[in-house]
Amino acid sequence: MITLTINGEQQEVVKELSLGSLLINLGLGEKPVVVELNRQALSPSEFEKKILNDGDELEIITIAAGG
């Protein structure tokens, strides 16, 4: 298990988890999101290949249309 900080809250997850897999586990796999990993913005093309490490900090923001 590794510990991640997601939107300010610590969570334990399975080791060797990609960011894409984490988003699916959080129910955000099909939703448009903006992700910052350790204060660096990532493009959606990086989600599947980015492997998360113990102590990583993520900010995940869902994009919603407004009006």
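The values are calculated or read from the model by the stated rules, or taken from the named source; none is laboratory data. Worth saying up front: this structure is predicted, and the values here are computed from it rather than measured. Quick reminder, even Gly has a Cβ in these numbers, built from the backbone with ideal geometry, and neighbours come from all protein chains shown. These area figures cover heavy atoms from the full protein model, side chains too; ligands, DNA and RNA do not enter into them. Shrake-Rupley method; radii C 1.70, N 1.55, O 1.52, S 1.80 Å.
Points to keep in mind about this one:
- Residue match in segment 10-28 (condition: touching a Pro at 6+ places or on another chain (Cβ under 8 Å) and either touching a residue at least 40 places away in the same chain (Cβ under 8 Å) or outside any loop (DSSP other than H, G, I, E, B) (or both)): no
- Enumeration of residues in segment 29-67 that are within 21 Å of MET1 (Cα to Cα), open to solvent by 80 Å² or more (accessible area, probe 1.4 Å) and in a strand (DSSP E or B): GLU57, GLU59
- Scanning segment 25-45 for residues being more than 16 Å from ILE63 (Cα to Cα) and at pLDDT below 95 gives a total of 2.
- Output for segment 1-17, where each listed residue is in contact with a Lys or Arg (Cβ under 9 Å, 6 or more places away or on another chain) and loosely packed, with under 15 Cβ neighbours inside 10 Å: MET1
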